[in-house]
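Written below as structure tokens is the structure these notes are about.
The values are calculated or read from the model by the stated rules, or taken from the named source; none is laboratory data. Keep in mind that what you see is a predicted model, and the values were worked out from it rather than measured. Here Cβ is always computed from backbone atoms with ideal geometry, including for glycine, and neighbour counts include all displayed protein chains. These accessible areas exclude ligands, DNA and RNA; they are computed on the full protein's heavy atoms, side chains included. Shrake-Rupley method; radii C 1.70, N 1.55, O 1.52, S 1.80 Å.
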Amino acid sequence: MTSFTPGSAAQPTTEVELSLSCRSLQGKDVLSKSDPMCVTYIRPFGESRWVEYHRTEVISNSHDPDFAAKILLPYRFEEQQPLRFLFITAEELAALKDEVIFKFSGHKLDRKDFFGKSDPFLEIHKAMESGDYTLVLKTEVKKWTLNPAWLPITVPVRTLCNGDYERSLKFVCYDWNASGRHSLIGEFYTNLKTLSQGPVANNRYACIHPEKQVRKKGTYIHSGEIALDQFELRPVYSFLDYIKGGTQLHCSIAIDFTGSNGNPEDPNSLHFVSPGGLPPNCYEQAITAVGSIIQDYDSDKLFPVLGFGARLPPDGKVSHEFFVNMDPNSPYCNGVQGVLDAYRSCIRQVQLYGPTNFAPVINHVAKFAATYRDGSSYFILLILTDGVITDMPQTTQAIVNASVLPLSVIIVGVGNADFTAMETLDADTVALTAGGVRAARDIVQFVPFNKFISVGDPRTARLRLAREVLAEVPTQFVGYMKANSIVPKPPISNVTVLPPDPELLDIQP
């Protein structure tokens, strides 16, 4: 197990890249070697528990794995950051954003399999200050061929060479074996400066097997050739690059008004609003915590707030998509305080009912996000709920459909219900699928509120909630922009953004 204690909200001094290796692992399989994977855990600020932070790839049949997946960690001078590893190589990373895309092919490689052709793959290693080489990445295995054409590889420049274009890179070509004892075909050395010339003669390399070269002496030429077929260097943009270029965040809030919350007049109800508003209930705390962060990125600070699961006046009709401010002409609430005011007013007018359906509010915001695919706006739907979801198939379909849109869905679970289904929607480890279609990207973050309210100080609880709730938004945001080849606009000093047209929302309270 790998352990790391992250710092507080203070800005890190720098970033460190960690490369992980293991040696002499215990055998866990009966008929073959183990298939190890290394998991990194972090201890959240101010807490004693450990949560998963990073996973490497699985290395088949090896007790001495070198993992290609790197861990990027913030380094903070002012804090102790205990680490627990087997073997680790650390390097401070330069503040580089570029990434390189290259593609290689092999030609007339040596045959290593007795009954057939080879199954070749490439490993790329970078030189360290110690003179040793550490693994950066691997290509896929190409089965049954001596002339492989590997898929394009994308890697950050700072991971590949930390901005030193003349740093030595070692390419090693192996023949894959199921036993994990891969056979060396050959190797060669180059650097990023040379590779940046593209697919020219200088980037066609003789693949040399050192032992064969010594054994055969002058009769040995090479064990095949490796050619660079494609090279592209492109900038990688950050979340702040887009924000500085004028991209706006629009946050919609959806509140659960189902009967499982309890009678709002009962102090034990999750919707109980105490006289004077103190102490705030869980819904109010979540609205304040997340809304206070989001509104700083939204120049108009207007929040459309939806409700679901309630019977509405005057006829008591059940709705899973209504405006909490009860105003059909303007669904927007001005700032966090406006949201709280609308919520407190609504709770006195509606009858809590059910069931707990998410799909209507997700489809509602997704329909709106679909009209802003150019990178000018990004949408966040914050769902506050206490109950077990009752329309799981429809919600899953709605999320899969929305995964191609500029949208993130944040679910905050309040109360003590079974939130197992929410973890499934989060899809951090297993991609969400619906109707045989896989989600284009992970757009859901689920956080149970109870683990924060036990902290004691409500303000500290809100800060920790906001940090965990919003942790994945920048990555999801950049993932959408990158997938759609959207680059940020030049930084602007002032921007005026009109709120979305209410007619696009297409619902009536």
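Could we say that I383 is touching a Ser or Thr at 6+ places or on another chain (Cβ under 6 Å) and either under 16 Å from G354 (Cβ atoms) or open to solvent by less than 20 Å² (accessible area, probe 1.4 Å) (or both) here? When the stated conditions are applied, I383 does not pass them. Out of everything in the range 45-96 that is in contact with a helix residue (DSSP H, G or I) (Cβ under 9 Å, 6 or more places away or on another chain) and in a loop (DSSP other than H, G, I, E, B), what residue ends up being modelled with the highest pLDDT? Only one residue fits best here, namely K70.
Pairing residues of the range 351-376 that are under 20 Å from H320 (Cβ atoms) with residues that are part of a helix (DSSP H, G or I) and of a type in the set (A, V, I, L, M, F, W, C), at Cβ distances under 6 Å and at least 6 apart in sequence or on separate chains, gives A359/A398; I362/A398; N363/A398; A366/A402; F368/L504. Scanning the range 387-420 for residues that are small (G, A, S) and either surrounded by fewer than 17 Cβ atoms within 10 Å (Cβ to Cβ) or in contact (Cβ under 8 Å) with a residue 60 or more places away in the chain (or both) gives G387, S408, G415, A417. Being in contact with a helix residue (DSSP H, G or I) (Cβ under 8 Å, 6 or more places away or on another chain) and surrounded by fewer than 17 Cβ atoms within 10 Å (Cβ to Cβ) is the filter here, so list the residues in the range 364-380 that pass it. Selection gives K367, T371. I243 meets all of the listed conditions (1) open to solvent by 70 Å² or more (accessible area, probe 1.4 Å); (2) assigned to a helix (DSSP H, G or I); (3) closer than 30 Å to I101 by Cβ but one, namely (1).
Look at the range 462-488: where a residue is farther than 21 Å from G246 by Cα and a partner is open to solvent by 50 Å² or more (accessible area, probe 1.4 Å) and in a helix (DSSP H, G or I), sitting 6+ places away or on another chain with Cβ atoms under 8 Å, you get A466/I293.
The range 282-339 holds strands (runs of 3 or more DSSP E) entirely within its bounds, and those carrying 2 or more residues that are of a type in the set (A, V, I, L, M, F, W, C) map to 302-308, 310-312. Of the helices (runs of 4 or more DSSP H) lying entirely inside the range 354-450, those carrying at least 2 residues that are within 22 Å of the chain's Cα centre (by Cα) and at pLDDT 95 or above are 359-369, 392-402. For the range 220-240, name all the residues that are touching a residue at least 60 places away in the same chain (Cβ under 8 Å), in a loop (DSSP other than H, G, I, E, B) and on the phi < 0 side of the Ramachandran plot. Listed by number, the residues that qualify are S223, P235, V236, Y237, S238.
Across the range 472-494, which residue is surrounded by the fewest Cβ atoms within 10 Å (Cβ to Cβ) among those that are outside any loop (DSSP other than H, G, I, E, B) and among the β-branched types (V, I, T)? So that I can check it myself, show each step before the final result.
First, pick out the residues of the range 472-494 that are outside any loop (DSSP other than H, G, I, E, B): 473-483.
Those still in the list that are among the β-branched types (V, I, T) too: 473, 475, 478.
Numbers: V473: 20, T475: 14, V478: 17.
Only one residue tops the list, namely T475.
Looking only at the range 354-375, decide whether some residue is of a type in the set (D, E) and within 22 Å of P474 (Cα to Cα). Yes, the range 354-375 contains a residue that is of a type in the set (D, E) and within 22 Å of P474 (Cα to Cα).
From the set of residues in the range 247-287 that are modelled with pLDDT of 90 or more and β-branched (V, I, T), which is farthest from I380 (Cα to Cα)? Step by step, filter the range 247-287, then rank; the result is V273. Considering only the range 289-311, I want to know if a residue exists there that is open to solvent by 10 Å² or more (accessible area, probe 1.4 Å) and more than 27 Å from L463 (Cα to Cα). Scanning the range 289-311, I find at least one residue that is open to solvent by 10 Å² or more (accessible area, probe 1.4 Å) and more than 27 Å from L463 (Cα to Cα), so the answer is yes.
For the range 422-439, which positions are open to solvent by less than 70 Å² (accessible area, probe 1.4 Å) and of a type in the set (A, V, I, L, M)?
Within the range 422-439, M422, L425, A427, A431, L432, A434, A439 qualify.
L151 falls short on exactly one of the conditions (1) surrounded by 14 or more Cβ atoms within 10 Å (Cβ to Cβ); (2) out of contact with any Phe, Trp or Tyr (no Cβ under 7 Å at 6 or more places or on another chain); (3) at pLDDT 95 or above, and that condition is (1).
Quick one: which helices (runs of 4 or more DSSP H) lie wholly within the range 154-219 and hold at least 3 residues that are modelled with pLDDT under 95? Those helices (runs of 4 or more DSSP H) span 157-160, 210-216. Taking the conditions exactly as written (hydroxyl-bearing (S, T, Y) and open to solvent by 30 Å² or more (accessible area, probe 1.4 Å)), does S179 satisfy them or not? In short, yes.
A Cβ distance below 9 Å, combined with a sequence gap of six or more or placement on separate chains, defines the contacts here; from the range 172-192, residues that are farther than 18 Å from T134 by Cβ reach residues that are of a type in the set (V, I, T) and open to solvent by 40 Å² or more (accessible area, probe 1.4 Å) in the pairs W176/V141.
If you go through the range 207-227, how many residues are open to solvent by 40 Å² or more (accessible area, probe 1.4 Å) and either under 16 Å from F104 (Cα atoms) or aliphatic (A, V, I, L, M) (or both)? Give the derivation first.
The initial filter retains those residues of the range 207-227 that are open to solvent by 40 Å² or more (accessible area, probe 1.4 Å), namely 210-211, 213-219, 221-222, 225.
Filter once more, so that each one left must be either under 16 Å from F104 (Cα atoms) or aliphatic (A, V, I, L, M) (or both): 214, 221, 225.
Here the count works out to 3.
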